[in-house]
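The values are calculated or read from the model by the stated rules, or taken from the named source; none is laboratory data. As the structure is a prediction and not an experimental result, all values here were calculated from the model. FYI the Cβ positions are ideal-geometry reconstructions off the backbone, even for glycines, and counts take in every protein chain you see.
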Amino acid sequence: MDTQVKPERVVQIALPFMGDEEWMAVREPIEAGWLTQGPKVAAFEKDFANRHGVPHALATTSCTTALHLALAAMDIGPGDEVIVPSFTWVATANAALYCGATPVLCDVDPITFNIDPASAASKVTDRTKAVMAVHLFGRCADMDALKTVIPPHVKIVEDAACAAGATYKGIAAGAIGDAAAFSFHPRKSITCGEGGMLTAKDDVLAARAQVLRNHGASVSEEQRHHGPQPWLLPAFDELGYNYRMTDVQAAIGLVQLKKLDDFISERDRRARWYADALSDLDWLHTPALPNDGRHAWQAYVTIVDPSRAPIPRNELMARLHARGVATRPGTHAIHMLGYYASRFALSPDDFPGARDCERNTMAIPLHNRMTDEDYAYVVRMIREAAYA
Ligand SMILES: Cc1ncc(COP(=O)(O)O)c(C=O)c1O
């Protein structure tokens, strides 16, 4: 197909779903003039905590900063090790490095794309302080299996970047481990541009994270502003960061959160439709459905089987791009990224599951602005591109 020819239709890999309610919601903080972390952030945190059945939720600038904050609040630092599945976004491992700790990579299960508990267990040493349980693409990691093989003093941090609204055995993502971090980047189901949320069950951990989020200040700006002595600065007794979300973002987040369940139901319906519509292609494996919880479908990630596919994955992706259908590799394998490979002397075969996921996965469009025609077009183009 001539790549200069305009495709019949363009289907993006992801698009945020926003409307008049989000427009209206941002008026309030803009008119009030309180733009940084304030009443909207507090309301967003409260609703998010309620929705995920967890006592504490702290809004942040991103999931990356929420992950960093979680590890910092756990006092993880130089000399400590954090186990990280290699098939995940680089931020999961970077968070450990930001603390001066060592990310120790382990392999993933190529069917669920999530951490392989046996591989994680094989990486435990006396220095292991935490394990990052990534709920990749919105499917929860097998948390019970992980808890069985990890010593009880090792903290479990859920990387729930993709998993707002997901559940595992009846428990919401974010309420399963010791702490969790969510993302509101536009490729996630609900978004406020950029943003994150740290959730935790433990009061002490949450209080510590709250202080570290705001430069180490003993009270938040809002508390100080509305407190008895707003003219005095708070105490700063430790090194903190500026990881505060703005009230403008939180105003959008509040509206988006109300739509989360509808978004996921629609995605789930479409995911099941894809599985059926693509079932005759023996070289394209559609994602396995969990039987122990609710998938949040942040992304619909297929596997292009290299031993059966009529053309290589990258060629298929290029041909789909020419036909207006956006695709992406699921994510990358951290041990194959230049920085990690050279700093920790890693090679692709060290984690074969993650290596194969990086090479063979292909996310196809799934988002809440797609129409019936868009879905039908994607399926038709996959066939046309593969056999062109
Ligand atoms: C698994 C995972 N962890 C962490 C992140 C980082 O999220 P953010 O962009 O909000 O920092 C992402 C983002 O894509 C992700 O997919």
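Kindly indicate whether Ala385 is part of a helix (DSSP H, G or I) and under 17 Å from Ala277 (Cβ atoms). Even if it seems obvious, please write down each step before you answer.
Details: part of a helix (DSSP H, G or I): yes; under 17 Å from Ala277 (Cβ atoms): yes.
The answer is yes for Ala385.
Residues checked against (1) free of Cβ contacts under 8 Å to residues at least 60 places away in the same chain; (2) of a type in the set (Val, Ile, Thr):
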{"site": "Asn50", "(1), (2)": "yes, no"}
{"site": "Thr60", "(1), (2)": "no, yes"}
{"site": "Ala70", "(1), (2)": "no, no"}
{"site": "Asp75", "(1), (2)": "yes, no"}
{"site": "Glu81", "(1), (2)": "yes, no"}
{"site": "Pro85", "(1), (2)": "no, no"}
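Scanning region 146-157 for residues that are aliphatic (A, V, I, L, M) and under 21 Å from the mean Cα position of the chain (by Cα), we see that the one that is nearest to the ligand (Cβ to nearest atom) is Val157.
If you go through region 289-304 and pick out every residue that is polar (S, T, N, Q), closer than 27 Å to Glu315 by Cα and assigned to a loop (DSSP other than H, G, I, E, B), you end up with 1.
Sort through Arg187, Arg127 and tell me the only one that's surrounded by fewer than 20 Cβ atoms within 10 Å (Cβ to Cβ), of a type outside the set (Asp, Glu) and under 11 Å from the mean Cα position of the chain (by Cα).
Details: Arg127 fails: under 11 Å from the mean Cα position of the chain (by Cα).
When all the criteria are applied, what remains is Arg187.
Inclusion of Thr199 among residues that are touching a residue at least 12 places away in the same chain (Cβ under 8 Å) and more than 13 Å from the ligand (Cβ to nearest atom) is warranted. The set of residues in region 331-375 being in contact with an Asp or Glu (Cβ under 8 Å, 6 or more places away or on another chain) and within 21 Å of Ala93 (Cα to Cα) consists of Thr331, His332, Ala333, His335, Met336, Phe351, Pro352, Gly353, Ala354, Arg355.
Of all the criteria given as (1) at positive phi; (2) part of a strand (DSSP E or B); (3) not charged (D, E, K, R), the one not satisfied by Ala345 is (2). Could you go through region 49-60 and let me know if any residue there is in contact with a Ser or Thr (Cβ under 7 Å, 6 or more places away or on another chain), among the β-branched types (Val, Ile, Thr) and modelled with pLDDT of 95 or more. Yes: one or more hits. Taking region 158-177 as the range and being in a loop (DSSP other than H, G, I, E, B) and within 16 Å of the ligand (Cβ to nearest atom) as the test, the residues that pass are Ala160, Ala161, Cys162, Ala163, Ala164, Gly165, Ala166, Ala173, Gly174, Ile176, Gly177.
What is the number of the single condition among (1) modelled with pLDDT of 95 or more; (2) closer than 30 Å to Ala96 by Cβ that Thr36 does not meet? Evaluating Thr36 over (1) modelled with pLDDT of 95 or more; (2) closer than 30 Å to Ala96 by Cβ leaves (1) as the failure.
Report whether or not Val104 is in contact with a helix residue (DSSP H, G or I) (Cβ under 9 Å, 6 or more places away or on another chain) and within 16 Å of Gly77 (Cα to Cα). In short, yes.
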